[in-house]
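Heads up, the thing below is written out as structure tokens.
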Amino acid sequence: MSRSGEGAPADAAGPAGPAPEQGEAGPAPEAQRIRIAVVDDHPVVRDGTAALLADRPDLVVAATGSSIDDARDLLARSDLDVILLDVRLGTRSGLNALGAGSGSGAGSALEGSSASAPSGRTPAVIVLTAYDYPQYARAAMDLGAAGFVTKTAPIEELVAAIRRAAAGELAYQVRPSRSMAFSGRELEVLRLVVDGRSNDEIGATLGISPKTVEAHLRRLFDRCAVASRTELATRALREGWLDLPPAA
């Protein structure tokens, strides 16, 4: 029996520590890792999400952002695979960024493609939100997003959605449903009603007559099946209508 250290093989474990356990995955080669950007206006959420994802061997957080402008800049990059986009960015809707070019990454998924998009495409977008409104999911899908995941989802569910979106597939945690659709002017009127403005004040703000405001409100009452301004404002807030993009 030899003494400790005598006859030890040249490749024996040294100060670096023991070899990984059987089945433990190391980092994927750089070219195979999914490159992600996280866009959220809350630093704790943004940085926390990035930190959790950075622990995954096949994922790398390549960029972060906090505004609509950041999201649009990131969507123009060809070196990203997936963007996680918050629905609310400050006082603005993150969905507004989708119309700026969430195209080929998400679009290929919406067209049923299961193959990875070629190099040079825009990133796939997953809407990551605190709101589980089906109408938000519908709007995201209509605008070309590849996925929709709530912030209360387990991290494994988010990781799975990222992998699916990167592969050109859809990843919707919330089932999209057809929502109310409003014109740009109707949304302006609706937003001012929620703010508690009178017809005269709405007309002065928008440069239209009080009678035109009344006509808009009558149509909104009929379409939304409400009987009062208070009920209209309550539904708008509860169902997230003010964050929906204008109807085409």
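Miscellaneous remarks
- One residue stands out among those in the stretch 155-211 that are farther than 30 Å from Leu85 by Cα and aliphatic (A, V, I, L, M): the one that is surrounded by the most Cβ atoms within 10 Å (Cβ to Cβ), which is Ile202.
- Figure legend. Inter-residue proximity from the stretch 188-212: first residues within 18 Å of Ala233 (Cβ to Cβ), second residues among the small types (Gly, Ala, Ser) and outside any helix (DSSP H, G or I), beta-carbon distance below 6 Å, spacing 6+ or different chains. Indicated pairs: Gly203/Ser209.
- Hey, Arg191 of a type outside the set (Gly, Ala, Ser) and either in contact with a His (Cβ under 9 Å, 6 or more places away or on another chain) or over 30 Å from Glu156 (Cβ atoms) (or both) or not: yes
- Flag for Val174 being farther than 20 Å from Gln135 by Cα and out of contact with any His (no Cβ under 8 Å at 6 or more places or on another chain): no
- Scanning the stretch 181-195 for residues that are closer than 11 Å to Leu242 by Cβ and in a loop (DSSP other than H, G, I, E, B), we see that the one that is farthest from the chain's Cα centre (by Cα) is Asp195.
- Hits in the stretch 216-236 (condition: exposed (fewer than 13 other Cβ atoms within 10 Å of the Cβ), among the hydrophobic types (A, V, I, L, M, F, W, C) and either modelled with pLDDT of 90 or more or under 14 Å from Val194 (Cα atoms) (or both)): Ala227
- Among the residues of the stretch 194-247, the ones that are touching a helix residue (DSSP H, G or I) at 6+ places or on another chain (Cβ under 7 Å) and closer than 25 Å to Asp132 by Cβ come to 17 in all.
- Residues of the stretch 76-86 satisfying the condition of being surrounded by fewer than 23 Cβ atoms within 10 Å (Cβ to Cβ) and either among the hydrophobic types (A, V, I, L, M, F, W, C) or modelled with pLDDT under 90 (or both): Ala76, Leu80
- Residue in the stretch 232-248 that is free of Cβ contacts under 8 Å to residues at least 24 places away in the same chain, touching a Phe, Trp or Tyr at 6+ places or on another chain (Cβ under 8 Å) and not aromatic (Phe, Trp, Tyr) present: yes
- Candidate set: the stretch 143-154, residues that are crowded, with 22+ Cβ neighbours inside 10 Å and out of contact with any Gly (no Cβ under 8 Å at 6 or more places or on another chain); chosen: the one nearest to Pro123 (Cα to Cα): Ala145
- Qualifying residue in the stretch 153-173 (condition: farther than 29 Å from Asp79 by Cβ and either outside any helix (DSSP H, G or I) or modelled with pLDDT of 95 or more (or both)): no
The values are calculated or read from the model by the stated rules, or taken from the named source; none is laboratory data. Bear in mind the structure is a predicted one, so any value in this text is a computation, not a measurement. Cβ atoms come from the backbone with ideal geometry, glycine included; neighbour counts cover every protein chain shown.
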